[in-house]
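Structure, as C-alpha cells:
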Amino acid sequence: MKRRLLTVLLSCALLTSCAGAEESSLTLIALNVGKGDCLLLGSGETLYLIDAGLRENWGMVSNALHQMGVKRLDGVIITHTDDDHAGGAWPLAMSGMEIGGWYAPKFYTDVKESKHPVMLAAALRGESVTWLEAGDSLPLDGAKLTVLGPRSQNKDAENCNSLVLLAEGGGGKMLLTGDMEFPEEEELLGAGVIPACQVLKVGNHGEEDATSEALVRQVKPRVAIISTNTVAEPDTPSDRVMKLLSQQGAAIYQTQHAPVGVMVTLAGGETKVSNLSSGELPNRCQTVQLADKSAKKDSISLVNHGTEAVDISGWYILSDRGGEMLVFADRMLQPGEKITITGQSSDEKGDVTWPEKKVWHKSKSDKASLYDVYGRLIDEMD
C-alpha cells in the first residue's frame, strides 16, 4: 500500500509539475497563510499540521489541504497561543478533517487553560490536549520528531514559549522554531540541544528580534524558510536577518512568494525545494446564497436556488465584526433547500448550531461572508 505522504506529494506534483519523493523522505510544506505560520510535516504514513495561521485566513489553509487531498492529520501541533499561529485551530476543529491528536506547549502566558485556543478547538470535538515540554518526542514514521524547547516558562514574551521542534529523517535535519526570539534561542544554545540542520524554519517571521548570529552559525542552514507577508507586517523579513542568512550561504524562501506554499524535501541527504502553485479549481458555485440574517434571533440562513445539490462540506461563514466562524463539516444542500444556522444564545434552534454565542452584533454593522472550501467568496450580506 502506498504511504500517505507519497499521496500528498503526488498531489503537490500535480500542482507544480515537480517530481515525487522516495518513501524515506522527510517533507516540510510551509503554506502561504499571509503573515502567519502553517506547516505540514510528514514522513511515511505520518502527517502533522504545525500551527494553523489566523482564523480569518482559514480559506488559505482549507484550499491547500483540499487540493493536496489531505483528509487525516496524525496530529495538530500549535507552537504557542498567538492568533497568527493558533487562530486556525478553531475552524480546523469544525471541519471534517480527521485528527489523531492535539498538541501544545506546557508553558504559555496571558491565557487560562480553559481559554487556551487548542483547548477550545479540541473541546469542539470532545477531545483533549497533550501538553509538550523539552525532551518529549512524537511518532514520525521512518523519521524522528523531538521537542527541544521551551525549557522554561517566559512570563514576559509568549513568543519565547514557542515549541521548537527538531525533525530528523531523509538523511538530514530540520529545525522548526515557531516564533522563538533571542531569549529562547540563548536558552537552547546554552543547553547545547540545537544541532546543525539542513533546513531552518526562521523564527518570528524573520523579525528583528529573532534569528541571532549565534543561532545561524550553529544551525548552518542550507535552506531557510520565512513564513510572512510584508504587506501585513512591513518590518518582515528584516534586512539583518536576510543578510545574515545570505552570508551563511542559505537559500532563502518566503511563503509570500509561493501561491500555495514552499515544499522542502530531505531524501538521501539531499535537499530539494520548490514553490507550490495552485491547481485548476472547479467553477465557483453561483446558486447558493445567504438569507434572513437576524441579529435579534442570532441567526442566518443558507439557500440553494439551483436545480442540483451542492456539496458545502468545508464551506464557512465569517462574521466581519467579531471574527466568529462556522465551518460546515459534512453537508449536502439539496435543490431548493434552505437551512438556518443559529447561535448558542438564540431562543430558537436552527438546522445547524453555531458553536458560539451572540454571533451577530445587534447595533453595529456586521457583514456575513460565505466562502467555499477553496476560500473563495461566494456571497455577502450586511
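Values in this text are rule-based calculations from the coordinates and carry no lab data. This one's a predicted model, so the numbers in the text were calculated from it and none came from an experiment. We place every Cβ from the backbone using ideal geometry, glycine too, and count neighbours over all the protein chains shown.
Quick notes on this one:
- Rounded to two decimals, the Cα radius of gyration of the stretch 4-276 over 2.2 N^0.38 Å is 0.90.
- Amide proton proximity set for Thr130, modelled H, under 5 Å, gap of 5+: Trp102, Tyr103, Ala104
- Chain lengthening between Lys296 and Ala123 when straightened (0.36 nm per residue, less Cα-Cα): 59.5 nm
- Label point at Arg217 placed 7 Å out along Cα→Cβ; residues across the stretch 160-182 whose backbone nitrogen lies under 17 Å: 182
- With all pairs of different C-alpha atoms in the average, the Kirkwood value for the hydrodynamic radius of the stretch 288-381 is 13.2 Å.
- Distance between the C-alpha centres of the stretch 291-319 and the stretch 221-261: 39 Å, rounded to the whole angstrom.
- Helix-only CD estimate at 222 nm, as mean residue ellipticity for the chain, using -39500 (n - 2.57) per DSSP H run (n ≥ 4): -5000 deg cm²/dmol
- In terms of surrounding Cβ atoms within a 10 Å radius of their Cβ, Asp110, Asp292 rank from fewest to most as Asp110, Asp292.
- Put simply, the amide H of Gly149, placed in the peptide plane, has neighbours under 5 Å in Val164, leaving out anything fewer than 5 places away on its chain.
- For a label point 7 Å along the Cα-to-beta-carbon line of Thr230, residues of the stretch 30-69 with backbone N under 15 Å: 35
- Under the simplified labelling scheme, the Glu208-Ser152 pair shows an inter-label distance of 2.7 nm, with each label point 7 Å from Cα along Cα→Cβ.
- Dipole-positive endmost among Ser313, Ile339, Ser363 within the stretch 288-381 (Cβ charges, Cα centre): Ser363
- Ser278 paired with Asp110, simple spin-label distance in nm, labels 7 Å along Cα-to-beta-carbon: 3.2 nm
- Pairwise Cα distances in the stretch 18-176 exceed 22 Å in 38 percent of cases.
- Gaussian network model of the chain, springs between alpha carbon atoms under 10 Å - residue of Thr287, Thr27, Thr211 with greatest fluctuation: Thr287
- About the centre of its Cα atoms, the stretch 4-276 shows a dipole size close to 680 debye [charges on the beta carbon of Lys, Arg (+1) and Asp, Glu (-1) only; nearest 20 debye].
- Cross-link table Lys297/Lys362; Lys106/Lys173; Lys297/Lys358; Lys296/Lys349, entries beyond 21 Å C-alpha to C-alpha: Lys106/Lys173
- Among the GluC sites (Glu not before Pro) found in the stretch 251-340, those both in a DSSP coil and sparsely packed, with 12 or fewer other Cβ atoms within 10 Å of their Cβ, are Glu280, Glu308.
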